[in-house]
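Reading through the structure tokens given below for one structure.
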Amino acid sequence: MERKINVLFLCTGNSARSILAQAILEREGNGRFGSFSAGSKPVGQVNPEALRVLTLTKHPTEHLRSKSWTEFSQPGVPEMDFVFTVCDQAANEICPVWPGHPISANWGVPDPAAVMGTSQEKAVAFNETYRLLLNRISLFVNLPLKSLDRISLKKRVVEIGNH
């Protein structure tokens, strides 16, 4: 059996965007990927609106939690093949040195948790963020990962983030 391709999604609070991305990859990856998320300054809980979107779209949520990226820079954790930041703040922060030097890219999307307004406006923002991440992750899981060299693969994942 082949080793799973490990992907870490990073954001500052690890409560919405990175959690959504983790859950989406878990399903879209069809068991080929290890999907993880973390934050530079985790808020300690998953945003309830993110959980609502994931529940409505039939994703398991029991295992999702807000956690620090330091959990993934410790000895004995799975080696990451890819590290994607999904918010602009985390992209500008100094990230830990990841064992194995994973391919990284910024897939920044607007922060739905920052939306002020009615519950309907907030729901629209979370649904749009889910849609953007689903589109990017669907493109990613369909890349010919094994046949691309590292430079080509880096170029392709950066292009996905600009999609």
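Each reported figure results from applying straightforward, stated rules to the coordinates on display, with no laboratory input. All figures in this text were calculated on a predicted structure; none of them were measured in a lab. Using ideal geometry, Cβ is built from the backbone for each residue, glycine included, and neighbour counts are taken over all protein chains shown.
Shown in residue order for region 45-54 are the 3J(HN,Hα) couplings computed by the Karplus curve 6.51 cos²θ - 1.76 cosθ + 1.60 at θ = phi - 60°: 8, 7, 4, x, 5, 5, 4, 4, 4, 5 Hz (x for Gly and Pro). In the chain, the longest principal axis of the Cα atoms and the axis of helix 17-28 are about 60 degrees apart.
Calculated from DSSP H runs of 4 or more alone, at -39500 (n - 2.57) each and per residue, what is the 222 nm mean residue ellipticity of the chain, nearest 500? Present the calculation step by step, with values, prior to reporting the outcome.
Values: 5 runs with 61 residues, N = 163.
Computed mean residue ellipticity for the chain: -11500 deg cm²/dmol.
A Cβ-based charge dipole, computed about the Cα centre of the chain with Lys and Arg at +1 and Asp and Glu at -1, lands at about 280 debye. Relative to the longest principal axis of the Cα atoms of the chain, the long axis of helix 119-141 makes an angle of roughly 10 degrees.
For the chain, what number of Lys pairs, 8 or more residues apart or on separate chains, have alpha-carbon atoms under 25 Å from each other? So the count works out to 12. Please name which of Met116, Gly13, Ala38 has its Cα lying farthest along the dipole of the chain towards the positive end, using unit charges on Cβ (Lys, Arg +1; Asp, Glu -1) and the Cα centre as origin. Ranked along the dipole, the leading option is Ala38.
Would any residue of region 126-159 have its amide N under 20 Å from a label point 7 Å out along Cα→Cβ of Arg52? List them or say none. Correct set: 126-134.
3J(HN,Hα) along region 8-14: 10, 9, 10, 8, 5, x, 6 Hz, from the Karplus curve 6.51 cos²θ - 1.76 cosθ + 1.60 with θ = phi - 60°, whole Hz, x for Gly and Pro. Based on C-alpha pairs under 8 angstrom that are at least 6 apart in sequence, region 14-143 has a relative contact order of 28 percent.
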